[in-house]
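What follows is a short report on a single structure.
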């Protein structure tokens, strides 16, 4: 079966009508008609979020956080949700097994191979239909040498997993 694909590329124009270099690409994939067993797998979502950053040349800052969600007001909207923080921004995945649907979001402050990311994710989820959006964000983000930038805070010590008040619930995929 062939996948139906829609690609929307939004190249924002600044207020002067110019298209400058963007701060970074924001790729979203809405994949439907996916195999249910892939959408129910907490391990699969964790593994994707664990491997995708290095595959795309990004820097993972913390292990992925993944959970199964079943407590919503609409019982058939349960699924697996996962998120990984990368130095360049984030990647998230939200599955809806009862609807054979997954939403994937990748935002990075540096360019990445969008085609490679799309191919990687489509090969895993094997959707019947893919709606893909690529937004070039931050066209007016100050990047010049003359711009004053605040120095990022320095984190001297990161607590070990489980020592923080914000630790994740226990599950076997971390």
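The values are calculated or read from the model by the stated rules, or taken from the named source; none is laboratory data. In this text, all values refer to a predicted model and were calculated from it rather than measured experimentally. Reconstructed Cβ throughout: ideal geometry from the backbone, glycine too, with neighbour counts over all protein chains shown.
One line per residue, one yes/no per condition, for (1) at pLDDT 95 or above; (2) closer than 24 Å to residue 142 by Cβ; (3) not in a helix (DSSP H, G or I):
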| residue | (1), (2), (3) |
| --- | --- |
| 1 | no, no, yes |
| 5 | no, no, yes |
| 18 | no, yes, yes |
| 22 | no, yes, yes |
| 25 | no, yes, yes |
| 30 | yes, no, yes |
| 48 | yes, no, no |
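Looking at the range 97-106, which of the residues that are part of a strand (DSSP E or B) and buried (at least 20 other Cβ atoms within 10 Å of the Cβ) is nearest to the chain's Cα centre (by Cα)? Explain how you work it out, then say what you get.
Going through the range 97-106, the residues part of a strand (DSSP E or B) turn out to be 101-106.
Narrowing further to those that are buried (at least 20 other Cβ atoms within 10 Å of the Cβ): 101-102, 104, 106.
Values: 101: 15, 102: 12, 104: 5, 106: 3 Å.
Top of the filtered list is 106.
Across the range 60-73, the qualifying residues are those that are more than 13 Å from the chain's Cα centre (by Cα) and in a loop (DSSP other than H, G, I, E, B), and the one among them that is surrounded by the most Cβ atoms within 10 Å (Cβ to Cβ) is 63.
Could you pull out the residue among 94, 174 that is more than 15 Å from residue 58 (Cβ to Cβ), part of a loop (DSSP other than H, G, I, E, B) and either in contact with a strand residue (DSSP E or B) (Cβ under 9 Å, 6 or more places away or on another chain) or modelled with pLDDT of 95 or more (or both)? Of 94, 174, the one residue that is more than 15 Å from residue 58 (Cβ to Cβ), part of a loop (DSSP other than H, G, I, E, B) and either in contact with a strand residue (DSSP E or B) (Cβ under 9 Å, 6 or more places away or on another chain) or modelled with pLDDT of 95 or more (or both) is 174. With respect to residue 34, determine if the residue is touching a strand residue (DSSP E or B) at 6+ places or on another chain (Cβ under 6 Å), at negative phi, buried (at least 17 other Cβ atoms within 10 Å of the Cβ) and assigned to a loop (DSSP other than H, G, I, E, B). Yes.
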